[in-house]
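K.L.:
Got a structure here, written out as structure tokens. Questions coming.
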């Protein structure tokens, strides 16, 4: 090892030539011109030997010696003195100078002095190394003794805890040792991940694992090495909680819930870990039973032949069964009135709201719309779902599809419902007819011809309305077969337009007909199909009258031929329909006109078009208008009558 030497002398020649000699001896030489410069270099070069002249400007060698020894007592300082400086050199020895040489310097004497210093430095290093090794050995042995003492204390702690809990069990009159029967395994682990102590139950069930690695008791841990709750506790210094599987000494696997807690020294270092594992095999069995039971109920929930939806106080669906999802779509998160009826606001007289209010079951019959647009008659019953405090937190709605029952009701019952629903309309028309007749008589008696003509026109209109209503009733009351005949499409459509034109003109509605002349012929029941199309056109007139915000009201009636079909397009700029009204437009007895409508017109029109093998497409927007597109085949097959869903009374 090359020693670092700092040469201090104010004579440059001595620094140069003496430096070369010292470098030849194997020293790493740094030179300074005075004591102050040497002190500035000292911390940077950290020399083990300083060779300094005594007599120097700025700071002499004696002062430099004092400061070096104060800063680094182990640095060896050799003083250079002239023949007249012997007393001063001897004084330097009192300040722990290692040696001194005189000028002119004898290289052999200097070499001998430096060798003595090298031996001194070497012995000092060996002594320091030996001392450090001895101290390290003492620390390791002491640490091991402390660890063994703590392991003994840990074992005593576990044993004491077992005795304490066993003592508590005796207070309950259980002399068999309640603690050892508990599914609780207690073990203490050291930083080397070894088991140092366990309780009796641990030994009986898992075996005597003291001295074994901490992971050996866990299934699969032997392959993973240091990876488990005990290891994680040592790594993080925090308690762990996890589900594990332990291996009993009889080979049986045991599911456990493991809790670990660090045992730290005063300086915060984790030295031991307390592990407690609870046998959860019974809990696991009960959880499996619960899972099977829940699955049975879910299967029953999905297999129930009715629509089931569970909703909260905010009207949002939190669960629905499989049949509900099939017909109305997966609706969790949607509002019930949107999923069931495509409404934008809650339904009036909602039975679920009544159940939330009083906790009792409620029933209601209603018409709902599937995601495919079909109407279903349903009987809704509700049941409260309560929490542990008995509060109603959710309501289950069970809706039985009774559409087929409604369709199988006798015509007499349906006709009775129909007559009851149109009685106010008939009464109103008869009253208006009596008034019109009175005005005719009055005009005739007074000789007021204009008054009589106006009243006669009103009578004519009312008679037409009564006639249309009677024909609709007769059509519905008696099933009729189609009587097809070949008609010219253009002439047939023109006749329909001319039938509705007077009413449209009286009401201030412009009716525009776009009927081509090359439409050919088609086979239809002209009378019944004409009545169906007139019904749609008259509904268009009423829709225009219902929108009072528009000054110009118009209807477009267009007929065309496309892909072997005859298409009738009826478009108005009336009040339009919302989604719920569109979906129920062709339902029997449904009317958006109040007492002015019977709910028969569009139902019969749809039925008649269906008998001809055709379809009606309806598009509409509130405030914009409505478009009916009637598609009929050129040569329709005679199809059986298509029954529409019959809604509940009062809808």
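K.L.:
What value does the range 479-633 have for Rg/Rh, both radii from Cα atoms and Rh as Kirkwood defines it? Don't jump to the answer; show the numbers that get you there.
P.N.:
Details: Rg = 15.0 Å, Rh = 15.8 Å.
Result for the range 479-633 is an Rg/Rh of 0.95.
K.L.:
Kirkwood Rh over alpha-carbon pairs of the range 211-348, then Stokes-Einstein at 10 °C and 1.306 mPa s: what D in µm² s⁻¹, rounded to an integer? Kindly include the intermediate steps, with their values, before the conclusion.
P.N.:
Values: Rh = 19.7 Å.
The Stokes-Einstein estimate is 81 µm²/s.
K.L.:
Starting from the eigenvalues of the Cα gyration tensor, five times each then square-rooted, give me the equivalent ellipsoid semi-axes of the range 1-64, largest first, whole Å.
P.N.:
Values: eigenvalues 68, 39, 13 Å².
One finds semi-axes of 18, 14, 8 Å for the range 1-64.
K.L.:
Give me 259, 342 ranked fewest to most by other Cβ atoms within 10 Å of their Cβ, as a rough exposure proxy. Present the calculation step by step, with values, prior to reporting the outcome.
P.N.:
Working: 259 15, 342 18.
Ascending number of Cβ neighbours within 10 Å: 259, 342.
K.L.:
Can you tell me the relative contact order of the range 6-145? Whole percent, Cα pairs under 8 Å, sequence separation 6 or more. Mind showing how you got there, number by number?
P.N.:
Details: 154 pairs, mean separation 23.6, N = 140.
RCO, the range 6-145: 17 percent.
K.L.:
Quick one: 202, 95, 27, 438, fewest Cβ neighbours within 10 Å first, how do they rank?
P.N.:
On the way: 202 26, 95 14, 27 22, 438 11.
Fewest-to-most ranking of 202, 95, 27, 438: 438, 95, 27, 202.
K.L.:
Percentage of Cα-Cα pair distances in the range 4-105 greater than 18 Å, rounded to whole percent?
P.N.:
Details: 2014 of 5151 pairs.
Tail of P(r) above 18 Å: 39 percent of Cα pairs.
K.L.:
How many percent of Cα pairs in the range 304-403 exceed 16 Å? Before the final figure, lay out the partial values.
P.N.:
Working: 2552 of 4950 pairs.
Summing the P(r) tail past 16 Å for the range 304-403 gives 52 percent.
K.L.:
May I pose another question? Listing 322, 627 from the residue with the fewest other Cβ atoms within 10 Å to the one with the most, what is the order?
P.N.:
Values: 322 14, 627 17.
Fewest-to-most ranking of 322, 627: 322, 627.
Values in this text are rule-based calculations from the coordinates and carry no lab data. For clarity, every value in this text was computed on a predicted model and none was experimentally measured. Glycine gets a Cβ as well: all are built from the backbone with ideal geometry, and neighbour counts include every protein chain shown.
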